[in-house]
1. Would segment 57-71 turn up any residue that is part of a loop (DSSP other than H, G, I, E, B) and buried (at least 17 other Cβ atoms within 10 Å of the Cβ)?
2. Is segment 41-52 home to any residue that is closer than 23 Å to Ser137 by Cβ, among the aliphatic types (A, V, I, L, M) and assigned to a helix (DSSP H, G or I)?
3. Under 6 Å by Cβ, and 6 or more places apart or on different chains, what pairs join a residue from segment 149-160 that is touching a residue at least 60 places away in the same chain (Cβ under 8 Å) with one that is aliphatic (A, V, I, L, M) and surrounded by fewer than 21 Cβ atoms within 10 Å (Cβ to Cβ)?
4. Kindly establish whether Phe83 is closer than 28 Å to Lys9 by Cα, part of a helix (DSSP H, G or I) and aromatic (Phe, Trp, Tyr).
5. Among the residues of segment 22-51, which ones are over 20 Å from the mean Cα position of the chain (by Cα) and exposed (fewer than 15 other Cβ atoms within 10 Å of the Cβ)?
6. Considering only residues that are free of Cβ contacts under 8 Å to residues at least 40 places away in the same chain, among the aromatic types (Phe, Trp, Tyr) and more than 15 Å from Gly155 (Cα to Cα), which ones fall in segment 80-125?
7. Leu122: over 15 Å from the mean Cα position of the chain (by Cα), more than 19 Å from Asp39 (Cα to Cα) and not hydroxyl-bearing (Ser, Thr, Tyr), yes or no?
8. Residues in segment 132-167 that are over 18 Å from the mean Cα position of the chain (by Cα) and either surrounded by 17 or more Cβ atoms within 10 Å (Cβ to Cβ) or part of a helix (DSSP H, G or I) (or both): how many?
Amino acid sequence: MGIWGFSSKYLSGLNLGRLPIEEIMFFVCIPYACVFTYDALTYLMKKDLWGPFQKAISIALISFSSLIGLVHFDKWYTFTTFFALAICLTFLQFVWKVSYLGRFYFAYFILLVPFFIVNGILTGMWIGEPVVWYNDSENLNIRIWTIPVEDIFYGMLLIVLNISVFEKLQASARKVEGRV
């Protein structure tokens, strides 16, 4: 759709459907590494430091995301990223009433460090030409270094969805083991 794409300079030329194999691997490796980090932090830090603030953080993110998404409904990447995040967090916080969002928010805050390094490289911060390009007419055209601000919230959506699947699988495993 011309919203974002890849520089062929960095691609192997192997595609699965219309996506480069590198993009497919991104959607396997990055969520795996993030879920692993989340689980390690959960294991190492017994206390849920941000748990008491989970609802307030969720309300702030839902409100902010809804506002940005609705105000910029004409920008496809902005609208879908922010609106999808608002819907997802609304369901997790108020419909399914999950208890792990405080831990997720803390882990995501920590994960922003490698996020800025990796996404900085992918968007051309330290290389001559970006691996991933963006059509700035489809986003806010606000960048942190070379990274579109939407990527921070897109990353949050991607990771919280994976954490939610992980937590559901963990709960199912505990139930089978009789450790509800």
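1. We begin by selecting, within segment 57-71, every residue part of a loop (DSSP other than H, G, I, E, B); these are none.
No, segment 57-71 contains no residue that is part of a loop (DSSP other than H, G, I, E, B) and buried (at least 17 other Cβ atoms within 10 Å of the Cβ).
2. Taking segment 41-52 and keeping what is closer than 23 Å to Ser137 by Cβ, we get none.
The answer is no; no qualifying residue exists.
3. Taking only residues 6 or more apart or on different chains, the pairs are Leu157/Ala84.
4. Numbers: closer than 28 Å to Lys9 by Cα: no; part of a helix (DSSP H, G or I): yes; aromatic (Phe, Trp, Tyr): yes.
No; evaluated as a whole, the condition is false for this residue.
5. Quick first cut of segment 22-51, residues over 20 Å from the mean Cα position of the chain (by Cα) only: 43-49.
Passing the criteria: Tyr43, Leu44, Met45, Lys46, Lys47, Leu49.
6. If the condition is that a residue be free of Cβ contacts under 8 Å to residues at least 40 places away in the same chain, among the aromatic types (Phe, Trp, Tyr) and more than 15 Å from Gly155 (Cα to Cα), then Phe91, Phe94, Trp96 are the ones that fit.
7. Numbers: over 15 Å from the mean Cα position of the chain (by Cα): yes; more than 19 Å from Asp39 (Cα to Cα): yes; not hydroxyl-bearing (Ser, Thr, Tyr): yes.
In short, yes.
8. Matching residues across segment 132-167 total 3.
None of the figures in this text is laboratory data; all of them are computed from the coordinates on show. Nothing here was measured: the structure is a model prediction, and the numbers come from that model. A quick note on method: Cβ atoms are made from the backbone with ideal geometry, for glycine too, and the neighbour counts reach across all protein chains shown.
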